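Data block below; observations after.
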Amino acid sequence: MGSFLARRVGQAGVLLLIVSIIGFSILHLAPGGPLSQFAATGDMTQEDLDRVARQMGLDRPLPVQYAEWLWRLLQGDWGVSYRDKQPVLRVIGSHLGATLELMLSSTLLAMMIGCWIGVLGAIRRYSVFDTLATVGAMIALSIPTFWFGLVVIYVFSVGLGWLPAGNRYTIGDGSWSDRLHHLIGPCIVLALVSTAVWSRYMRSSMLDVINHDYIRTARSKGIPERRILFQHAVRNALLPMITIAGLHLPTLLSGALVTETVFTWPGMGRLFLDSIGYRDYPTVMGILMFTAMLVLLGSLLADLLYGVADPRIRTA
Amino acid sequence: MTSPVGAIDGPPAKPALTSRWDSPALRRFRRHRLAVFGAVTILVLTLACIVGPFLLPFTDTFIDIRQRFAPPLSGAHVLGTDQLGRDMLARLLMAGRISLAVGFAAMAISMVIGVCVGLVAGYYGGAIGAVLMRFVDAMLCFPSIFLLLAVSAFIHPGVETIILLIAFTAWMEVARIVEAQIKALRERDFAVAAEALGASDARVMIRELLPNAIAPIVVAATLNVAHAILAESYISFLGYGIQPPTPSWGNMLDNAQGYLTSAPWLAMLPGAMITLAVTSFNFIGDGLRDALDPRTDAR
Amino acid sequence: MTATPALVPAMAPVTRSAASMAEDVVLDVEDLSVSFVSPQGIVPAAREVSFEVRRGETLAMVGESGSGKSVTSLAILRLTPPAPQCRIEGRVRLRAGDRRVHDLLALPEARMRELRGSAAAMVFQEPMTSLNPVHKIGDQIAEAVRFHSALSKRGALDRAAELLDLVGIPDVRRRMSSYPHQLSGGMRQRVMIAIALSCEPVLLIADEPTTALDVTIQAQILELLHDLQQRTQMALLFITHNLGVVAEIADRVIVMYAGRVVEEAAVLPLFKRPLMPYTQGLLRSVPRLDLAGRRCDELAAIPGNVPDPLALPPGCSFAPRCAHRVPELCDARVPLLEGAGAEHFVRCARWASLAEGAPP
């Protein structure tokens with residue numbers, strides 16, 4: 001376990017370095033580079049721009065600039081938001097809660113439903129249920145999240161009036177039940193794709209597990225089928241799901257951005273879009289780097305969790 | 001006498017865990033139906049988008065102020081009109097041209113990048129392979145929509161730039177697939193033999209190795225079209241993709257949210273088109289996967 | 001029983017008494033047929049297999065892979081795939097510890113489950129994959145105990161420790177909380193045996209339990225099984241393709257070929273005077289040293305391959321590979337299993353003439 005942990009953390013470190021190089025490249029790829037914000041407003045002369053560039057150290061060699069940028073990044077100095085005039089990390093932090101709330105709740109929902117569908121589909125392979133689940137999952141993976149969001153709003157908010165059409169809570173209310181009520185719509189919308197993903201992977205994982213010899217052993221012991229299914233099959237089939245959870249994180253983040261936009265959910269995704277609209281450069285770059293690091297951290301955590309959950313790695 | 005042997009929880013009809021003895025014929029047949037459905041849909045859709053606009057009485061840019069928000073099936077406009085009185089069907093077909101073209105073009109470019117990176121990384125391995133594949137891993141850390149939006153916000157988006165952008169964020173999976181295939185293939189006899197005969201690296205890669213890895217590449221290409229169409233719709237919906245007046249399925253939805261109460265078809269129709277097209281490509285991809293590599297079942 | 005004159009052919013087809021089971025018979029299999037439904041058609045895996053195993057006895061079932069021996073053993077415990085894919089016909093009766101006779105194929109699944117792992121248990125070929133990787137050894141043994149006895153969780157774990165000790169695993173306390181991957185193949189097979197023995201079964205089916213193990217470990221496991229059988233007087237159905245193992249452990253042997261029993265005899269007569277040409281071929285293919293340490297004869301492999309179960313020959317299944325084949329006799333119909341002496345049965349149309357022609 002120790003060497004596994006060390007190796008995995010080392011890999012993550014290397015990846016973080018490459019991720020930062022990509023981020024830095026994007027920053028300088030854009031026409032005007034980090035100055036495009038000032039250039040775009042049009043009320044600065046070329047002289048002014050040159051002065052700002054010198055102030056920002058943009059006249060120095062790129063490797064030096066990169067090293068400095070990375071150093072500031074690692075120290076937590078992510079720049080100041082043009083729009084809020086606040087440190088970028090603080091701006092991100094104030095929007096992170098809403099996004100995490102949405103992502104966690106929809107992941108929970110998707111895991112429960114998706115795993116269940118996957119298990120049932122595997123044990124009743126090629127049944128009507130399995131076929132419908134398979135086709136349904138493929139359609140779910142093909143529906144644009146924003147459109148599904150609009151459909152949900154149209155049906156449940158406009159049509160039936162059951163759910164609020166957006167926001168995290170009613171202004172002036174903000175009670176626990178009110179927040180929950182607002183969470184239902186976006187949570188379902190974000191969970192759709194995840195549910196499809198979970199059900200597909202869970203199904204194939206189950207199919208893999210139930211053909212293993214130890215399932216036959218369990219059966220030869222004469223223990224109830226239900227116990228064979230849950231104690232022996234599902235328990236093993238869930239192990240690879242930990243890795244899937246890590247791999248699914250980028251898709252989930254992308255979905256969250258779109259869902260937040262449709263439901264005017266005040267999370268990181270909306271902040272990102274708004275920042276782009278304002279050409280709030282530091283915030284855009286900050287969120288981009290933040291999400292990439294979140295994904296990196298997620299897959300690292302997933303691997304470590306796998307190591308804890310699987311005795312073959314834990315006790316190695 | 002047939003005994004209810006092996007039934008797990010009582011009656012024999014109850015399905016059970018073990019399933020090694022399935023009928024592949026049955027399976028292929030059903031899978032095939034979906035793939036066939038997908039292929040036919042894409043064919044019809046593509047034809048309609050190419051030919052359709054010439055046959056319609058309205059162009060997609062014709063503004064009929066008196067006929068604003070005409071609901072579908074209510075008059076001259078089969079699928080109704082939008083907020084400016086433009087014919088929805090004509091717009092959907094013209095948007096389809098753009099969306100499908102973006103899908104195919106972005107797929108083609110992303111495949112070229114992915115195959116090249118995968119080939120080189122898989123063939124040379126070692127330091128080159130490690131660096132390339134770590135770069136792939138790093139690119140995959142960025143959620144694609146965030147990456148697309150960040151870049152498209154800085155550059156002025158046109159159809160060509162959008163295609164390039166989507167391609168640049170969609171080649172990594174392909175590179176991974178190709179790298180794994182090539183790595184496995186290059187140990188095999190025919191590759192070793194070709195190398196021993198003095199064939200150049202490029203020749204071994206392209207003539208000997210690549211054709212043997214074509215099955216997963218074809219599957220990935222199909223799925224990549226689906227991905228590209230979705231990606232285009234996302235960023236266009238968010239306002240940073242294809243810019244009006246050029247219609248695309250994604251940007252038709254852009255301001256439809258405001259009319260959700262009064263004219264829901266404005267949002268429903270383009271969304272349904274995206275779903276239909278993407279589902280079809282996914283079906284084809286799934287069918288191809290089964291047909292080309294019978295060993296893999298569900299992912 | 002008096003010694004039957006050696007070469008007197010008993011021409012009457014052998015039918016076993018269907019009505020009652022003798023007191024000491026633990027397992028009675030009658031006309032057991034197992035077939036699988038595949039896209040290419042119905043594949044017969046075992047056909048009209050009949051045999052019995054008595055208390056304290058070891059019956060070895062021998063055959064090449066694909067001869068139907070594993071399928072037969074799985075079908076006895078109803079561990080084959082479920083009904084639409086797999087058909088089982090015939091009768092399997094088991095005399096449980098309380099002397100009650102159960103008709104296994106007719107039992108409802110819930111009753112069958114009660115017998116499985118308690119009255120009849122099984123040890124499988126692959127110790128490396130037959131244990132659940134995420135559960136501790138102790139829990140995997142205790143699980144069977146808990147479901148077949150009134151013991152508490154604590155009691156079941158104590159019993160598991162006892163069993164580990166019984167199968168010769170050192171340092172029991174530590175091993176109880178080990179995971180399968182921390183044990184060697186031989187150790188894992190001992191654990192499998194402990195699981196099988198946990199409820200003191202009257203019948204143990206061992207499906208090639210030593211095939212995946214090193215030769216020295218093989219011998220240890222065989223010895224362990226033998227010891228345990230001496231102690232508990234359980235009936236042992238031992239499935240193997242290894243004739244060396246058969247010589248070591250078996251009291252009686254049945255030889256399977258293409259899903260059918262082709263010869264049945266006590267172990268010594270079978271090795272000394274095999275009657276079926278297939279059995280003869282099998283024995284010839286075993287390397288042997290004579291007393292002087294030289295290799296006896298040349299190793300003779302049986303020419304040809306096991307027939308395709310979808311295209312079995314109309315007569316004797318072995319005929320296409322048989323050196324003694326007489327087409328009009330062997331290809332006409334499937335030979336019957338005939339008595340050929342004291343508890344010696346053979347399925348060959350020519351066994352009598354062959355035996356006369358070539359005395360042992």
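Taking R0 as 41 Å, what's the FRET efficiency between C:M21 and C:S353 from their Cβ-Cβ distance, rounded to 0.05?
For C:M21 and C:S353, the calculated efficiency is 0.70.
Apply the membrane-span-like helix rule to chain C: whole DSSP H runs, Cα extent along the own long axis of at least 15 Å, mean Kyte-Doolittle hydropathy at least -1.0. List the helices found.
C:137-148, C:153-166, C:185-197, C:215-232
Extending each Cα 7 Å along its Cβ direction at C:Q220 and A:R226, get the distance between those two points in nm, one decimal.
Result: 4.1 nm between the two label points.
Note down the nm distance, to one decimal, between modelled labels 7 Å out along Cα→Cβ at B:E187 and at A:R72.
Going by the 7 Å Cα→Cβ label model, 4.8 nm.
Hey, can you grab everything whose amide H is under 5 Å from the amide H of C:C86? Only 5+ residues off in sequence or another chain; H modelled, so Pro and N-termini drop out.
Here the answer is C:V37, since their amide H atoms fall under 5 Å of that of C:C86.
At 7 Å along the Cα-to-beta-carbon direction for both C:R154 and B:T161, put a label point, then send me their distance in nm to one decimal.
Modelled inter-label distance: 7.5 nm.
Among the residues of the stretch C:117-154, which ones have their accessible area go down by 30 Å² or more when all the protein chains sit together, as opposed to their chain alone (1.4 Å probe)?
Residues of the stretch C:117-154 that lose at least 30 Å² of accessible area once the other chains are added: C:F124, C:T129, C:S130, C:N132, C:P133, C:V134, C:H135, C:E143, C:F147.
Explain nothing, just the number: dipole magnitude of the stretch C:25-250 about its Cα centre with +1 on each Lys and Arg Cβ and -1 on each Asp and Glu Cβ, in debye rounded to the nearest 20.
Charge dipole of the stretch C:25-250: 720 debye, to the nearest 20.
Students often forget the sequence filter, so: which aspartates and glutamates lie under 17 Å Cα-Cα from C:K69 once same-chain residues fewer than 8 apart are removed?
Result set, ordered by chain and number: C:D28, C:E30, C:D31, C:E48, C:E52, C:E89, C:E126, C:D207, C:E208, C:E263, C:E264, C:D308.
How high is the FRET efficiency between C:D227 and A:R7 when r is their beta carbon distance and R₀ equals 41 Å, given to the nearest 0.05?
0.35
Under the Karplus relation 6.51 cos²θ - 1.76 cosθ + 1.60, θ = phi - 60°, what is the ordered set of whole-Hz ³J(HN,Hα) values for the stretch C:48-54, x standing for Gly and Pro?
6, 7, 10, 5, 9, 10, 9
Once A and B are treated as a pair rather than alone, how much accessible area drops out, both sides summed, in Å² to 100, probe 1.4 Å?
5500
Evaluate E = 1/(1 + (r/R0)^6) for A:L104 and C:E343, where r is the Cβ-Cβ distance and R0 equals 51 Å; express this FRET efficiency to the nearest 0.05.
0.10
For a quick check: with amide H placed at 1.01 Å from N, whose amide H comes under 5 Å from A:V80's, ignoring anything fewer than 5 positions away on the same chain?
Amide H neighbours of A:V80, under 5 Å, 5+ apart: A:V88.
Could you size up the charge dipole of chain B around its Cα centre, putting +1 on the beta carbon of Lys and Arg and -1 on that of Asp and Glu, and report it in debye to the nearest 20?
It comes to approximately 520 debye.
Rg and Dmax of the stretch C:25-250, using alpha carbons, in Å: what are they?
So, for the stretch C:25-250, Rg and Dmax equal 17.2, 52 Å respectively.
Leaving out ligands and nucleic acids, and using a 1.4 Å probe, what accessible area per residue does the protein assembly as shown come to in Å²?
Heavy-atom SASA per residue in the protein assembly as shown reads 43 Å².
Tell me, what HN-Hα J-couplings in whole Hz come from the Karplus equation 6.51 cos²θ - 1.76 cosθ + 1.60 at θ = phi - 60° for each residue of the stretch C:256-267, using x for Gly and Pro?
9, 9, 6, x, 10, 6, 10, 7, 9, 6, 5, 5
Which whole-Hz ³J(HN,Hα) couplings does the stretch A:223-229 yield from phi under the Karplus relation 6.51 cos²θ - 1.76 cosθ + 1.60, θ = phi - 60°, glycine and proline marked x?
Residue by residue, the stretch A:223-229 yields 8, x, 4, 4, 5, 4, 5 Hz.
Identify, among B:P53, B:I214, A:W162, the residue whose Cα sits farthest towards the positive end of the charge dipole of the protein assembly as shown, taking +1 on the Cβ of Lys and Arg and -1 on the Cβ of Asp and Glu, with the dipole about the Cα centre.
Farthest along the dipole direction, towards plus: A:W162.
Under the rule that an exposed site lies in a DSSP loop and has at most 11 other Cβ atoms within 10 Å, name the longest stretch of chain C with no GluC sites (Glu not before Pro) of that kind, not counting the sites themselves.
Here the longest run is C:24-297.
Please give the helix B:88-124 orientation as an angle from the longest Cα principal axis of chain B, in degrees from 0 to 90, rounded to the nearest 10.
20
Run the dipole for the stretch A:96-239 about the Cα centre, Lys and Arg Cβ at +1, Asp and Glu Cβ at -1, nothing else charged, and hand back the magnitude in debye, nearest 20.
About 640 debye.
In the stretch A:123-138, what residues drop by 10 Å² or more in accessible surface going from the chain by itself to the full protein assembly, probe 1.4 Å?
Those are A:I123, A:R124, A:R125, A:Y126, A:T131, A:T134, A:V135, A:M138, which lose 10 Å² or more relative to the chain on its own.
Could you tell me which of C:F51, C:V123, C:S33 has its Cα farthest along the dipole of the stretch C:25-250 towards the positive end, charges placed at Cβ (Lys, Arg +1; Asp, Glu -1), taken about the Cα centre?
C:V123
Hydropathy first: keep DSSP H helices in chain A averaging at least 0.0 on Kyte-Doolittle, then drop any whose Cα extent along the axis falls short of 24 Å, and list what survives.
Membrane-span-like by this criterion, though nothing is claimed about a membrane: A:2-29, A:88-123, A:176-210, A:235-262, A:281-309.
Go through A:L104, A:M138, A:A122 and say which Cα lies farthest out towards the positive end of the charge dipole of the stretch A:96-239; charges sit on Cβ, +1 for Lys and Arg, -1 for Asp and Glu.
Value computed over the given set: A:A122.
Within the accessible area of chain B, what % is carbon and sulfur when the probe is 1.4 Å and the other protein chains stay in place?
67
Name the residues whose placed amide hydrogens come within less than 5 Å of the amide hydrogen of C:L79, ignoring near sequence neighbours (fewer than 5 apart) on the same chain.
The answer is none.
Calculated from DSSP H runs of 4 or more alone, at -39500 (n - 2.57) each and per residue, what is the 222 nm mean residue ellipticity of the protein assembly as shown, nearest 500?
Computed ellipticity for the protein assembly as shown at 222 nm equals -17500 deg cm²/dmol.
Over chain C, what is the mean sequence separation of C-alpha contacts under 8 Å (at least six apart), divided by residue count, expressed as relative contact order in percent?
Computed value for chain C: 22 percent relative contact order.
What number, in nm² with one decimal, is the all-direction average of the projected area of the convex hull of the alpha-carbon atoms of chain B?
So the mean shadow area of the Cα hull is 23.6 nm².
Using the alpha-carbon centroid of each, what span in Å lies between the stretch B:133-157 and the stretch C:238-289?
A separation of 69 Å, based on Cα centres.
Quick check: at a probe of 1.4 Å, how many percent of the accessible area of chain C sits on carbon and sulfur atoms?
Carbon and sulfur together cover 54 percent of it.
Enumerate by residue number the chymotrypsin sites (Phe, Trp or Tyr not before Pro) in the stretch A:103-207 meeting two conditions: DSSP loop (anything except H, G, I, E, B), and at most 15 other Cβ atoms within 10 Å of the site's Cβ.
Loop-located and lightly packed - A:W162.
The values are calculated or read from the model by the stated rules, or taken from the named source; none is laboratory data. From a predicted model like this one, the values you see are computed outputs, not experimental measurements. Cβ atoms come from the backbone with ideal geometry, glycine included; neighbour counts cover every protein chain shown. Note: areas computed on protein heavy atoms with side chains; ligands, DNA, RNA excluded. Shrake-Rupley method; radii C 1.70, N 1.55, O 1.52, S 1.80 Å.
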